[in-house]
1. Specify the residue that is modelled with the lowest pLDDT; the eligible residues are those in the stretch 187-202 that are in contact with a helix residue (DSSP H, G or I) (Cβ under 6 Å, 6 or more places away or on another chain) and of a type outside the set (Phe, Trp, Tyr).
2. What single numbered condition from (1) β-branched (Val, Ile, Thr); (2) under 19 Å from Val223 (Cα atoms); (3) touching a helix residue (DSSP H, G or I) at 6+ places or on another chain (Cβ under 9 Å) fails to hold for Val171?
3. State which residue is surrounded by the most Cβ atoms within 10 Å (Cβ to Cβ) when the search covers only the stretch 35-60 and only residues that are of a type in the set (Ser, Thr, Tyr) and in contact with a strand residue (DSSP E or B) (Cβ under 8 Å, 6 or more places away or on another chain).
4. Residue under question is Asp264, and the condition is that it be among the charged types (D, E, K, R), within 23 Å of His147 (Cα to Cα), assigned to a loop (DSSP other than H, G, I, E, B) and at pLDDT below 95; does it hold?
5. Could you go through the stretch 90-109 and let me know if any residue there is surrounded by fewer than 23 Cβ atoms within 10 Å (Cβ to Cβ), of a type in the set (S, T, N, Q), assigned to a helix (DSSP H, G or I) and under 21 Å from the mean Cα position of the chain (by Cα).
6. Surrounded by fewer than 19 Cβ atoms within 10 Å (Cβ to Cβ), touching a strand residue (DSSP E or B) at 6+ places or on another chain (Cβ under 9 Å), of a type in the set (Lys, Arg) and over 22 Å from Thr74 (Cα atoms), is that true of Arg124?
7. Which of (1) among the hydrophobic types (A, V, I, L, M, F, W, C); (2) more than 16 Å from the chain's Cα centre (by Cα); (3) outside any helix (DSSP H, G or I) does Ala127 not meet, given it meets every other one?
8. Give me the pairs: first residue in the stretch 71-94 and in contact (Cβ under 8 Å) with a residue 24 or more places away in the chain, second residue surrounded by fewer than 24 Cβ atoms within 10 Å (Cβ to Cβ) and basic (Lys, Arg), beta-carbon distance under 7 Å, and six or more apart or on different chains, which are they?
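The values are calculated or read from the model by the stated rules, or taken from the named source; none is laboratory data. Since this is a predicted model, take the numbers as computed values, not measurements. Please note: Cβ atoms are built from the backbone with ideal geometry, for glycine as well, and neighbour counts cover all protein chains shown.
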Amino acid sequence: MKRVFAFLAFFCVLAVGEYFIVSRFAIRHETLTLFDASRQRPISVEIAVRRDYETKANLGLWKLPLAIISNGNTVKATEYSFLANVLAARGYLVASLQQDLPSDPPLMTDVGQQYVGRREVYIRCEANILFTLGELKRRQENADYDHITLVGHSNGGDVSMYVAHQHPELVSKVITLDNLRVPFVLSDNMKILSFRSKDPHFQTDSGVLPTPEEAKALGIDIVHTGAQHNEMSDRGPDAVKEKIQATLDRFLRDSASSALAPVDTKTPMIMNPGDY
């Protein structure tokens, strides 16, 4: 019996070790320092990509799906590696943008205004994303720039949803972590996954979330994590990050499968997982 438990323990350690090895050695990380001369604005971009898929792309044998991660307010682009590694492990070229600079005005809240007065911030971040896409095209032509995935936490999630509204022809998936201001895109041509917090200090504005009927009809996946708003980055506890990673990995797997078959919009992946 002791030998059985020893073997089980070994395989558990092996599974965790395998993921660590993939994250640490199989994924290439790089920092790009871009400069948008038209706006006189530097943009720092953290790149993550699996080496084997990148090699296939460089040989013209593979189109890398592309994911853009936008950081939350006061959180660095480097603090979403737990998301970037899952996406990269699934074959994505991942670009995490530092959307704000120390010289930018502080993020303000103007109650009663659309998006609480943050439209100009979203427009600035939209320009960052579009400029970065142009720069990435020059560096890696064998990526899919016509069906991008937008990922974002908090304000970065609102940026992602805003850009999806503005450019539905470019965006195939949106993944948000507690976006609070910009209403969800309601389209059966776009897959949406959103992780929600349980945090009295960060309340979602009225009209942002779809109704349960809309979510079911359009296959929008809403995951109530029970976590704090600020735990949805590398700063959060491992238990929260690991559950988000597992759900994200499943979403990406199912989305890849659905590309080969009609999407079942009647049974969303997760609506109200009480055992999360």
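1. Asp188
2. (2)
3. Tyr53
4. yes
5. For the stretch 90-109, residues surrounded by fewer than 23 Cβ atoms within 10 Å (Cβ to Cβ), of a type in the set (S, T, N, Q), assigned to a helix (DSSP H, G or I) and under 21 Å from the mean Cα position of the chain (by Cα): absent.
6. On the way: surrounded by fewer than 19 Cβ atoms within 10 Å (Cβ to Cβ): yes; touching a strand residue (DSSP E or B) at 6+ places or on another chain (Cβ under 9 Å): yes; of a type in the set (Lys, Arg): yes; over 22 Å from Thr74 (Cα atoms): no.
No: the conditions fail for Arg124.
7. The number of the failed condition is (3).
8. Glu79/Arg235; Phe82/Lys241; Ala88/Arg50; Ala89/Arg50; Gly91/Arg50
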